[in-house]
1. List pairs: first residue in region 332-350 and more than 15 Å from residue 407 (Cα to Cα), second residue among the charged types (D, E, K, R) and buried (at least 22 other Cβ atoms within 10 Å of the Cβ) anywhere in the structure, Cβ distance under 6 angstrom, at least six positions apart or on different chains.
2. For residue 341, only one of the following conditions fails: (1) of a type in the set (Asp, Glu); (2) over 23 Å from the mean Cα position of the chain (by Cα); (3) closer than 29 Å to residue 83 by Cβ. What is its number?
3. Are any of the residues in region 314-328 under 25 Å from residue 377 (Cα atoms) and touching a residue at least 60 places away in the same chain (Cβ under 8 Å)?
4. Which of (1) open to solvent by less than 50 Å² (accessible area, probe 1.4 Å); (2) out of contact with any helix residue (DSSP H, G or I) (no Cβ under 9 Å at 6 or more places or on another chain); (3) assigned to a loop (DSSP other than H, G, I, E, B) is the odd one out, the single condition residue 66 does not satisfy?
5. For region 6-16: of the residues being under 24 Å from the mean Cα position of the chain (by Cα) and surrounded by 20 or more Cβ atoms within 10 Å (Cβ to Cβ), which is farthest from residue 72 (Cα to Cα)?
6. Just to be sure before I move on: is residue 134 within 18 Å of residue 78 (Cα to Cα) and at pLDDT 95 or above in the structure I sent?
7. Go through (1) touching a strand residue (DSSP E or B) at 6+ places or on another chain (Cβ under 9 Å); (2) at pLDDT 95 or above for residue 67 and report which single condition fails.
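The values are calculated or read from the model by the stated rules, or taken from the named source; none is laboratory data. In this text, all values refer to a predicted model and were calculated from it rather than measured experimentally. Every residue, glycine among them, receives a Cβ derived from its backbone with ideal geometry; neighbour counts consider all protein chains shown. The area values use the complete protein model at the heavy-atom level, side chains included, leaving out ligands, DNA and RNA. Shrake-Rupley method; radii C 1.70, N 1.55, O 1.52, S 1.80 Å.
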Amino acid sequence: MNLSSVITAEKMIFGGKCMGKIDNKNVFVPYAVPGEKLEIEITQSFRDYDEAKIVKVLEASPKRVLPACPLYGKCGGCNLMHIDWAYQTELKAGILAELMERAGVRIPKIQTVSGSPLGYRSRFQLHDGGMEGRGTNDVVAIDNCPVAVAPINEWFKEVPMDKRPRGRGTLFGNEKAEPALSIALEREKEGGPKAYKKMSSKEKKKRGKKYIRPRFEGISQDEQCPVQIELLGKKIAFDAQGFFQSNIEVLEKTIPVLLQGLSGKNALDFYSGAGTFSVFLADIFENVVMVERNRGAMVFAEQNMAGKGHESYGISGADFAKKHASSLLERLGKIDAAVVDPPRSGMEKEALDWICQSGMPVVKYLSCNPSTQARDIQKLQEAGYEVCDIRLLDFYPQTSHLETLLTCILK
């Protein structure tokens, strides 16, 4: 389409685009800043709204800044790097408040937990050794990323694109981790370079200066890629092929907020992953119950919780609620607090219904999708819970990604 128009960006919506109107029809524009006057071109037209791209910024916002990355807009990663960082968090808080209000969730003033705006990211999804392009399947070659931590940028610099593993994989690196950098391949393209393997001392000497340091070695599809990282003085092990939080600085700031106000005998860690939060809950509670359907992650959770009072269920939240929750309460007594950290889809209906009926006094609900979180919190609210604290967790500066932590108490 070649329909050019002038529009004012009225506000930012969930996902990072700005919304304006043409003839009372909503138009969504990426890479805009609220308040800007823009010349746009409609790229897709639908019955209720249009998608557009910026042709020219006619009146720029004072909050618009020069992106720190030359690949911005081409790489599929960041989408808010054109906006002053402090204003980014302000916009995200506004989006979060609107999502909660729309769901009928009553919240106090939003507080933000944040860290460094650049040099924070420890986890990347690789596509043939590069990054996936925005809106395409193209591979974007990268030798430096402004949001990456130092070990990852060292690897980008030292390993050229033609020497990197092919296919899709996970790159995790952090100076607090051992090894400091790991590569885990999910698949390999036929004929492409294989993942890096451990070599004997003789092989290392033979390769000389071309040898890639051990912390840059990876694994094949069928092997685990164990990583151990230090968080607030505790060692946490996990599999680099699975999920682990990318922003370690903000994670270490989030954990004390999560633990604040908790006490009692029994705690529940729903969707516990490798037991990151359980390790800290075990310092407060006599017994921690972990529920996680990913049994690979549960293996690491058991390792991390060795010697601590706990029990674990390698099943879904729904199955736990249907098959084990009642007998657990009969055996242990009441649950004094629950930490809930579900996937983007939110809590399963059975698990949420059980928590609503359980009478546990405190529920700490983390989410990477405030839309489904608002839906779930609305049901908790109907069951008598009140949101007494809400935090915007700025795990991904320069992006529109929202993570949140809500503290709900039973009135």
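1. Pairs found: 346/376; 347/376.
2. (2)
3. Among the residues of region 314-328, not one is under 25 Å from residue 377 (Cα atoms) and touching a residue at least 60 places away in the same chain (Cβ under 8 Å), which makes the answer no.
4. Status for residue 66: all satisfied but (1).
5. Taking the candidates together, the pick is 12.
6. Values: within 18 Å of residue 78 (Cα to Cα): yes; at pLDDT 95 or above: no.
So residue 134 fails the test.
7. (1)
Quick grid of which residues meet (1) under 17 Å from the mean Cα position of the chain (by Cα); (2) at pLDDT 95 or above; (3) basic (Lys, Arg); (4) open to solvent by 30 Å² or more (accessible area, probe 1.4 Å):
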position: 249; (1), (2), (3), (4): yes, yes, no, yes
position: 259; (1), (2), (3), (4): no, yes, no, yes
position: 265; (1), (2), (3), (4): no, yes, yes, yes
position: 268; (1), (2), (3), (4): no, yes, no, no
position: 272; (1), (2), (3), (4): yes, yes, no, no
position: 277; (1), (2), (3), (4): yes, yes, no, no
position: 282; (1), (2), (3), (4): no, yes, no, no
position: 287; (1), (2), (3), (4): no, yes, no, no
